[in-house]
Amino acid sequence: MMNTQPLTLNPFTSLLSPTTLSPKSLFPSRSFAISTKRISKLRFSGIPIGPSLVTKASSTAAVPDNITDVLGEVGIFTATGEPVKFKDLWDQKEGMAVVALLRHFGCFCCWELAETLKESKERFDLAGVKLIAVGVGTPNKARLLAERLPFPLDCLYADPERKAYDVLGLYYGLGRTFFNPASTKVFSRIEAVKKAMKNYTIEATPDDKSSVLQQGGMFVFKGKQLLYARKDEGTGGPCSIG
């Protein structure tokens, strides 16, 4: 998932806070942290990204060895409506991917994040990192965001049943969405939000209104190795890119 300055995450500190997760989650009740060694050419929220990036799991809790295998079998949809599995979104041997899980396609904070991702795509491409953005909602809702923001259609995917969100144990609920302190951070970025919402439409909101209680997260993979993970604490506090 913030002051007026972009948030820079320290790769040597815990990225995920201890929490009780969904029973569908692969992660135990104590979540995990990932540390990194700095050897690369691109920074993602202060964390270097590149083919030489290596990680070490924190002792806070074990990261399931099969996390990418299980996530890989999750079925979602392209923005044009074709079914696809996560394992087919990037090269599972050596390919690097930034996977941004948006809250839902009608979330104005997610339009702001999508705008930032779009602006960063050239840097990702130059570093050989594939950009993948997933949102809650049907493909037609995804297309509304893609057409109006605009956002690259080939980088956008829909997860109407929130399957990937459950597997990754992302936060869900009324309190997280409306009453978490992190949700107020959006007010420090109000100008960026206004820019992203220039062509915003509430019609992009999922028909299943319970989906608006879903929080997002940010993940980085190299092949099947999970390099970086962050769960958004609240609606207005997604991971920034800088």
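Quick note: the coordinates plus some simple rules give every number you see, no bench work behind them. Because the structure is predicted, anything quoted here is derived from the model rather than measured. A quick note on method: Cβ atoms are made from the backbone with ideal geometry, for glycine too, and the neighbour counts reach across all protein chains shown.
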Query raised in the report: Structure shown: which of 121/198; 93/209; 141/224; 85/231; 87/195 lie over 31 Å apart, alpha-carbon to alpha-carbon?
Result: 93/209; 87/195
Query raised in the report: In percent, how large is the relative contact order of the stretch 94-202, given Cα pairs closer than 8 Å and 6 or more residues apart?
Result: 33
Report summary line: For 138-144, 125-131, 215-221, ranked highest to lowest by mean beta-carbon neighbours within 10 Å, the order is 215-221, 138-144, 125-131
Query raised in the report: Any idea what % of Cα-Cα pairs in the stretch 107-159 are farther than 19 Å?
Result: 21
Query raised in the report: In terms of modelled amide H atoms, which long-range or inter-chain residues lie less than 5 Å from the amide H of residue 130?
Result: 96, 97, 98
Query raised in the report: What order do you get for 150-158, 95-103 when each peptide is scored by the mean count of other beta carbon atoms within 10 Å, highest first?
Result: 95-103, 150-158
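So for each of 112-119, 85-92 I average, over its residues, the number of other beta carbons within 10 Å; can you give me the resulting order with the highest mean first?
Most protected by this proxy first, the peptides run 112-119, 85-92.
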